[in-house]
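J.: Here it is: the structure, laid out below.
What follows draws every value from the coordinates through simple rules; no lab data is involved. Predicted, not measured: the structure shown is a model, and the values here were computed from it. FYI the Cβ positions are ideal-geometry reconstructions off the backbone, even for glycines, and counts take in every protein chain you see.
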Amino acid sequence: MTVNSVFSWLKRKNLIAENYVGEYLEKVKETKFKVFTRPALRCEEWIDVKEASDKISSFFSDVRKLLDEEYYEFLVLHFILGTRIRETFNYINAVLSDFQMVPDLLSCVYICTKTTKINESADFRVPVPIFIYEMIEKNRVFFGHSDIFISKVIRNAYLRNFRGIFCLHGSRAIFRTIIDFLAKGESINESAKEMYINHKTDSYVKSLYHRNDYFLDRLRLMCIYSKFIFQCAGMPELVVKVDEYVVNISERVTTRN
């Protein structure tokens, strides 16, 4: 658009005969682009929590037959984080590196994401609740395998069975679609739901001044969503741990305030 403005000015000044850039932009506007959406269990069709629960539970039930326990738990964690597959590994590696003991209730790690500029340090803060830390620590030896190897095994194990139905990136759409159901009635800022999956919705200028990353809101969302995913994944013992953590974190936040 900037180039078009420059060429328009040149044409008005009779310095050039025609603004070919403007003509090109008009043609681009007329072109209909097909929007590519990654398969995500057809979450766009879900109408309530029950339908979402049924579909995700059925998916996890099928996947559990195909994956060893460590790979299965990794997939569950990937769902909870709502991250891109590379970012999920970044999170796991950061947790294993930063915590040699149980983290504090309000602990976090910083990870690099798709929006992190090349050669710059990690810039996205992600909560590390105790129940997530314990999942990762339990599989510390497993995560000693290369990231490429782990993701390749998972892809090869289920992609041929769920092609066109679900892909690893689809977990992000699933989170963003159903969190409105799960967090209905909660006083959580809408921007926190976008920030949870590291979506920047502010304009460039606004983002220079508005720097709140909604950490506590995202921590609350992680607890709500984790409990739901653990229920769907058939992990009742982790549902209990989430409930225990929520009580403790509520007491801690109340004390801080």
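J.: Considering the zone a paramagnetic label at residue 70 would reach in this model (a point 7 Å from Cα along the Cα-to-Cβ line), which residues of region 136-180 have amide N under 15 Å from it?
T.: Those under the cut-off are 136-154.
J.: Return the ratio Rg/(2.2 N^0.38 Å) for region 97-220, where Rg is computed over Cα atoms only.
T.: Numbers: Rg = 16.9 Å, N = 124, 2.2 N^0.38 = 13.7 Å.
Against the empirical 2.2 N^0.38 Å value, I get 1.23 for region 97-220.
J.: Using a Gaussian network model of the chain whose springs link C-alpha atoms within less than 10 Å, name the residue from 210, 169, 78 with the highest mean-square fluctuation.
T.: 210
J.: While we're looking at this one, here's another question. In a Gaussian network model over the chain where Cα atoms closer than 10 Å are linked, find which of 141, 239, 49 has the largest mean-square fluctuation.
T.: In this elastic network of the chain, the residue with the biggest mean-square fluctuation among 141, 239, 49 is 141.
J.: Can you list which of the trypsin sites (Lys or Arg not before Pro) found in region 149-199 are DSSP loop residues with at most 10 other C-beta atoms within 10 Å?
T.: Values: sites: 152, 155, 160, 163, 172, 176, 184, 193; in loops: 163, 184.
Those that pass, being in a loop and sparsely packed, are 163, 184.
J.: Let me ask something else about it. Can you sort 253, 95, 246 from fewest to most other Cβ atoms within 10 Å of each residue's own Cβ?
T.: Values: 253 14, 95 23, 246 18.
Least to most surrounded, the residues fall as 253, 246, 95.
J.: Loop-only GluC sites (Glu not before Pro) in region 66-130, please: DSSP not H, G, I, E or B, and at most 13 other Cβ atoms within 10 Å. Numbers along the way, then the final one.
T.: Details: sites: 69, 70, 73, 87, 120; in loops: 120.
Here the GluC sites (Glu not before Pro) that fit, given the DSSP loop and packing criteria, are 120.
J.: How many angstrom lie between the C-alpha centres of region 153-201 and region 111-142?
T.: Comparing the Cα centres of region 153-201 and region 111-142, I get a distance of 17 Å.
J.: Using only Cα atoms, tell me the angle between helix 20-30 and the longest principal axis of the chain; keep it within 0 to 90° and round to the nearest 10.
T.: That helix lies at roughly 50 degrees to the long axis.
J.: Here's a follow-up. At most 15 other Cβ atoms within 10 Å and a DSSP loop assignment: could you name the trypsin sites (Lys or Arg not before Pro) in region 61-101 that fit? Walk me through the numbers before you get to the answer.
T.: On the way: sites: 64, 65, 84, 86; in loops: 65, 84.
Loop-located and lightly packed - 65.
J.: Could you give the spread of the C-alpha atoms of the chain along their three principal axes, from largest to smallest, in whole angstroms?
T.: Here the spans come out as 75, 49, 39 Å, largest first.
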